[in-house]
1. Can you tell me which of Asp90, Asp97 is in contact with a Gly (Cβ under 8 Å, 6 or more places away or on another chain), assigned to a helix (DSSP H, G or I), of a type in the set (Asp, Glu) and within 25 Å of Ile128 (Cβ to Cβ)?
2. Somewhere in region 25-39, is a residue touching a Leu at 6+ places or on another chain (Cβ under 9 Å) and without any contact (Cβ under 8 Å) to a residue 60 or more places away in the chain?
3. Which residue is farthest from Phe73 (Cα to Cα), if the candidates are limited to region 105-125 and must be among the small types (Gly, Ala, Ser) and not in a loop (DSSP other than H, G, I, E, B)?
4. Within region 126-170, track down each residue that is among the hydroxyl-bearing types (Ser, Thr, Tyr) and either at positive phi or not in a helix (DSSP H, G or I) (or both).
5. Residue by residue through region 71-93, note down the ones that are in contact (Cβ under 8 Å) with a residue 12 or more places away in the chain and closer than 25 Å to Gly159 by Cβ.
6. Given the criteria among the polar types (S, T, N, Q), closer than 19 Å to Gly28 by Cα and not in a helix (DSSP H, G or I), does Gln102 qualify?
7. Within region 114-170, take every residue that is surrounded by 20 or more Cβ atoms within 10 Å (Cβ to Cβ), without any contact (Cβ under 8 Å) to a residue 60 or more places away in the chain and charged (D, E, K, R) and give me the one that is nearest to Gln102 (Cα to Cα).
Amino acid sequence: MTTDPPSTTHALKKTAWAWAIATFFGAGLGKPGPGTWGSVATVLLWALFAWAAHPSPLILLYGLFLLIAFALFLGIPAATIVARESGRKDPQFVVIDEVAGQAISLLFMPANWRDALLALILFRLFDITKPFPIRRLEKLPEGWGIVLDDVAAGLYALGVASLLRIFLRF
């Protein structure tokens, strides 16, 4: 009887719920730029909800808070599990962090394509460039570091988008 080497066995182990959430149901498997696919999926989900349900701004806000809570409370442990199972510190295909950050950047935005595009561009800009102190958050352990740097990028994007809308009447 032969057995697989531990590394092969380890590589095959996947916790299904964690991989589904961490990749945001496959959005993180998109190429190129899985993070952008995760962000776009979040904006499209927000837009679909706004278009299909015609919610009041308050209901739209509650929907975003639910998505953010989902991304944080299930995303941090899912990102930890997937990082361990893949053997990578911060796998690119883990995009639940982009979901959290992108949803934060959409808070208080009117449901229209212009504001959605502004939130998307600003979030991706801050997520990629990681201005101070965002890069420090990456050093937090496992899922915490994977997710919380994008939460900070989302807060930056929300702040800048809000200022642009106020001062430029965008």
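1. Within the list Asp90, Asp97, the selection yields Asp97.
2. Scanning region 25-39 turns up at least one residue that is touching a Leu at 6+ places or on another chain (Cβ under 9 Å) and without any contact (Cβ under 8 Å) to a residue 60 or more places away in the chain.
3. Checking each candidate, the answer is Ala116.
4. Matches in region 126-170: none.
5. Answer for region 71-93, where residues must be in contact (Cβ under 8 Å) with a residue 12 or more places away in the chain and closer than 25 Å to Gly159 by Cβ: Ala71, Leu72, Gly75, Ile76, Ala79, Asp90.
6. In short, no.
7. Step by step, filter region 114-170, then rank; the result is Asp150.
The numbers here are math on the coordinates, done by the rules we state, and not lab data. Model, not experiment: these values are computed from the prediction. Note: ideal-geometry Cβ built from the backbone for every residue, glycine included; neighbour counts use all protein chains shown.
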